[in-house]
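The block underneath contains the structure these notes are about, expressed in structure tokens.
The values are calculated or read from the model by the stated rules, or taken from the named source; none is laboratory data. Computed from a predicted model, the values in this text were never measured in an experiment. Note: ideal-geometry Cβ built from the backbone for every residue, glycine included; neighbour counts use all protein chains shown.
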There are 2 protein chains.
Amino acid sequence: MALVVQKYGGSSVADAGKMKHVAKRVIRGKLAGNDMVVVVSAPGKTTDNLVEMAQLISPIPDEREMDMLLSTGEQQSIALLTMAIKGMGHKAISFTGQQMGIRTDASHTKARIVSIDGSKIKKALKEGKVVIAAGFQGTDAAADITTLGRGGSDTTAVALAAALKADVCEIYTDVTGVYTADPRLVSDARKIDRISYEEMLELASLGAGVLLNRSVEFASNHGVKIHVRSTFSEEEGTMVGPTMKDMEKVVVTGIAHKKNEAKLTLAKVPDKPGIAAGIFKPLADAGINVDMIIQNVSEQGTTDLSFTVMKSDLDKALAVMEPVKNKVRAKGLRYDDKVAKVSAVGIGMRSHAGVAAKMFDALAKAGINIQMISTSEIKVSCVVGLAQVDEAVKVVHKAFGLAKRKKK
Amino acid sequence: MALVVQKYGGSSVADAGKMKHVAKRVIRGKLAGNDMVVVVSAPGKTTDNLVEMAQLISPIPDEREMDMLLSTGEQQSIALLTMAIKGMGHKAISFTGQQMGIRTDASHTKARIVSIDGSKIKKALKEGKVVIAAGFQGTDAAADITTLGRGGSDTTAVALAAALKADVCEIYTDVTGVYTADPRLVSDARKIDRISYEEMLELASLGAGVLLNRSVEFASNHGVKIHVRSTFSEEEGTMVGPTMKDMEKVVVTGIAHKKNEAKLTLAKVPDKPGIAAGIFKPLADAGINVDMIIQNVSEQGTTDLSFTVMKSDLDKALAVMEPVKNKVRAKGLRYDDKVAKVSAVGIGMRSHAGVAAKMFDALAKAGINIQMISTSEIKVSCVVGLAQVDEAVKVVHKAFGLAKRKKK
């Protein structure tokens with residue numbers, strides 16, 4: 001008998017019909033002899049609607065009260081799903097974050113889980129009940145309700161799996177797994193059977209969009225195996241777990257891309273110590289996340305410095321950089337909001353030379369100009385023009401032979 | 001400095017505009033130097049919508065899960081109202097039933113309050129915060145969420161007022177107070193300035209519809225003064241409190257009516273001991289509330305027995321009575337679902353003869369036939385035809401001179 005943690009996202013419980021579909025799926029897992037703990041998100045657009053209501057009330061809603069408000073969405077889901085399962089004649093019980101002892105810090109709207117007292121869940125499982133657990137929420141030391149921020153229900157599921165020593169954490173979504181590239185872009189993209197935490201982290205942050213970094217990090221730290229799969233299909237999905245030897249034979253695992261990037265360039269910055277700090281500290285202070293940073297080779301004591309930010313941060317970044325430009329005596333400040341990033345990711349890269357060269361060659365042959373390059377041990381990223389990124393993903397995907405059957 | 005408990009119903013917090021209106025009203029109370037504890041119901045139709053969702057999931061939803069679901073409505077209200085007040089620059093904090101220590105028994109969907117630990121509220125008040133409290137909910141000994149049933153938010157408000165020894169409990173509604181008759185029916189009905197708990201209990205159960213019995217009983221037991229008033233007007237409403245001497249000068253305080261009644265008659269029941277129990281125990285076992293019971297004078301060893309039930313219980317009552325009819329050897333079972341009840345209520349009746357006679361006379365002069373009569377120390381009730389009840393209220397209201405200015 002295994003202990004299975006499942007997590008269903010908002011689109012999987014958006015209406016009564018879908019809710020019943022999930023109930024049946026959960027019951028099947030129970031009838032197969034497993035102990036079942038099921039984490040659910042708020043139904044469909046509930047969270048968006050609540051945020052909208054809050055903004056009608058106050059332009060900058062108080063964060064403690066925002067958590068009080070938003071946590072009701074998941075509470076509705078767990079009640080409805082439990083009713084559905086009990087209505088089908090099976091034992092089940094719902095728990096809020098508070099009830100199952102999910103203790104967090106006090107950072108409202110983006111709290112971190114501090115500890116989980118799983119005793120109530122264990123007792124319910126022992127009584128043969130399916131446990132339906134509210135995702136995304138906990139309580140802090142003052143017993144105030146907190147929420148975990150974006151992707152919070154995934155984090156709840158992984159944290160529960162870790163606390164309960166579950167055999168697997170199944171994350172149900174509307175895609176059948178993690179792909180070698182976005183299947184909407186690359187028609188012959190292949191579903192990846194197994195992927196390492198490290199690769200998944202790179203793919204998540206690079207925009208594969210299936211799992212958020214935070215839950216993958218948590219899983220990696222606690223050795224929780226994640227199975228990413230579809231609510232609406234029986235197909236096996238993608239297993240995310242520790243690196244295994246044979247994984248390293250695959251040089252490139254997948255190609256990710258991100259379209260919401262913008263590039264800023266400070267031209268002819270005097271090349272002396274402390275300049276970089278003078279530029280990037282004000283951005284950090286303004287809460288702007290800088291992604292890639294490229295500094296050209298110095299010419300006659302000056303250098304061009306380019307970096308990318310989220311497109312939504314561009315205006316704020318320009319406002320921050322204007323005084324900085326004068327302070328560091330740069331000759332100009334340019335920006336380009338029509339850029340995108342394409343990245344090849346793979347554990348196998350570590351021991352294989354020539355990956356970057358192969359990628360650059362594929363892009364060159366397709367006539368795609370590379371504007372910026374950044375590499376790590378397990379990825380190569382290139383910034384290209386936004387109009388060319390779809391083509392870039394296709395040619396790189398092809399160059400690494402990802403559409404072919406996986407070699408084992 | 002007074003401690004004021006206010007309660008706003010669902011229609012008072014139905015949208016962002018109304019929510020802000022309530023916020024301003026609360027702030028005004030605070031600025032006047034009062035400590036404020038504000039109980040709110042779920043916004044507008046939220047509870048109805050949640051019930052509907054539950055019924056789509058399961059025809060008979062599990063009651064524990066129903067409470068888990070329904071309690072989210074009030075939680076949304078307290079979060080939004082607190083945001084509104086904080087958005088206007090004042091200190092406020094919201095508490096769920098669980099957070100403010102409202103402990104109930106475990107009767108899901110109709111729980112009774114067992115105790116209130118007001119320490120969190122007192123601490124927040126000491127910090128100068130307005131406390132926004134979720135109505136209708138608590139938790140039982142197992143830390144499961146419970147709800148208090150119909151009118152539950154009123155009960156929460158009165159119970160908090162009792163626990164905190166508040167100076168007054170203001171119940172805000174969409175009418176300006178308790179009237180001598182339904183103002184939609186009797187155009188010159190007068191708002192009652194002060195009314196005793198006992199009279200209010202009779203008026204509430206008789207259909208005045210402003211406060212539910214349970215909260216009035218609770219207030220009476222704990223000596224909590226209730227001020228029933230309108231959210232949308234500055235006008236003073238009706239004070240509900242203990243009987244005071246001068247109240248007894250007013251013979252009749254108000255005329256109530258109830259249209260959702262049905263009458264059943266068992267004809268020619270053998271008149272012997274134990275018959276009544278044999279008839280009414282099965283009804284009680286079926287959860288049917290019987291209101292008036294009239295037994296005619298016995299003739300030749302048999303009697304006609306009539307009683308009224310809620311119209312919505314009529315089918316169930318008939319099903320219960322069919323076998324009972326045979327068992328008690330009654331000659332027939334008749335029913336009439338076109339009946340209504342009109343009642344005159346007043347503490348002063350106790351010491352004034354002739355109230356019933358005056359009422360019967362007024363009805364007779366209007367050509368209204370009285371089908372059943374029942375009296376208590378402070379009320380006289382008559383069952384009349386449904387088509388005549390509006391007219392009955394008018395003539396009785398007039399007969400007791402209620403439209404005139406109150407004599408003091």
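A few points about this structure:
- Identity of the residue in region B:70-86, touching a residue at least 24 places away in the same chain (Cβ under 8 Å) and small (Gly, Ala, Ser), that ends up farthest from A:Ala54 (Cα to Cα): B:Ser71
- Counted as qualifying within region A:211-318 are the strands (runs of 3 or more DSSP E) with 3 or more residues that are within 26 Å of A:Gln371 (Cα to Cα), namely A:254-270, A:290-295, A:302-310.
- Cβ-Cβ distances below 6 Å connect the following pairs, each with a first residue in region A:194-206 that is within 11 Å of A:Gly348 (Cα to Cα), a second residue that is at pLDDT 90 or above and buried (at least 22 other Cβ atoms within 10 Å of the Cβ), and a separation of six or more residues or different chains: A:Glu199/A:Thr253; A:Glu199/A:Val345.
- If the condition is being more than 7 Å from chain B (Cβ to nearest Cβ) and out of contact with any strand residue (DSSP E or B) (no Cβ under 7 Å at 6 or more places or on another chain), then region A:67-90 contributes A:Gly73, A:Met88, A:Gly89.
- Selection within region B:144-175: residues that are assigned to a loop (DSSP other than H, G, I, E, B) and surrounded by 19 or more Cβ atoms within 10 Å (Cβ to Cβ). The member of this set that is farthest from the other protein chains (Cβ to nearest Cβ) is B:Val175.
- Of all the residues in region A:273-324, those that are polar (S, T, N, Q) and more than 24 Å from A:Ser381 (Cβ to Cβ) number 2.
- Yes/no for A:Asp291 being out of contact with any helix residue (DSSP H, G or I) (no Cβ under 8 Å at 6 or more places or on another chain), crowded, with 16+ Cβ neighbours inside 10 Å and in contact (Cβ under 8 Å) with a residue 12 or more places away in the chain: yes
- Single residue of region A:48-66 satisfying the filter (surrounded by fewer than 20 Cβ atoms within 10 Å (Cβ to Cβ) and in contact (Cβ under 8 Å) with a residue 12 or more places away in the chain) that is farthest from the other protein chains (Cβ to nearest Cβ): A:Val51
- Tally of residues being farther than 27 Å from B:Leu69 by Cβ, more than 14 Å from chain A (Cβ to nearest Cβ) and surrounded by 13 or more Cβ atoms within 10 Å (Cβ to Cβ) across region B:119-143: 2
- Hey, B:Gly33 more than 9 Å from chain A (Cβ to nearest Cβ), at positive phi and either without any contact (Cβ under 8 Å) to a residue 24 or more places away in the chain or surrounded by 18 or more Cβ atoms within 10 Å (Cβ to Cβ) (or both) or not: no
- Matching residues, region B:316-354, being closer than 20 Å to B:Ala256 by Cβ, among the β-branched types (Val, Ile, Thr) and modelled with pLDDT under 90: B:Ile347
- Screening A:Gly44 against (1) at pLDDT below 95; (2) closer than 17 Å to B:Pro43 by Cα; (3) more than 7 Å from chain B (Cβ to nearest Cβ) leaves a single unmet condition, (2).
- Considering residues of region A:91-104 that are in a strand (DSSP E or B) and buried (at least 22 other Cβ atoms within 10 Å of the Cβ) only, the residue farthest from the other protein chains (Cβ to nearest Cβ): A:Thr104
- Conditions (1) of a type in the set (Ser, Thr, Tyr); (2) at pLDDT 95 or above; (3) more than 30 Å from A:Ile121 (Cα to Cα); (4) touching a helix residue (DSSP H, G or I) at 6+ places or on another chain (Cβ under 8 Å); number of the one not met by B:Thr147: (3)
- Criterion violated by A:Lys259 - all others in (1) more than 20 Å from A:Val396 (Cα to Cα); (2) of a type in the set (D, E, K, R); (3) surrounded by fewer than 17 Cβ atoms within 10 Å (Cβ to Cβ) satisfied: (1)
- Any hit, region B:324-333, residues being part of a strand (DSSP E or B), under 15 Å from B:Leu206 (Cβ atoms) and aliphatic (A, V, I, L, M): no
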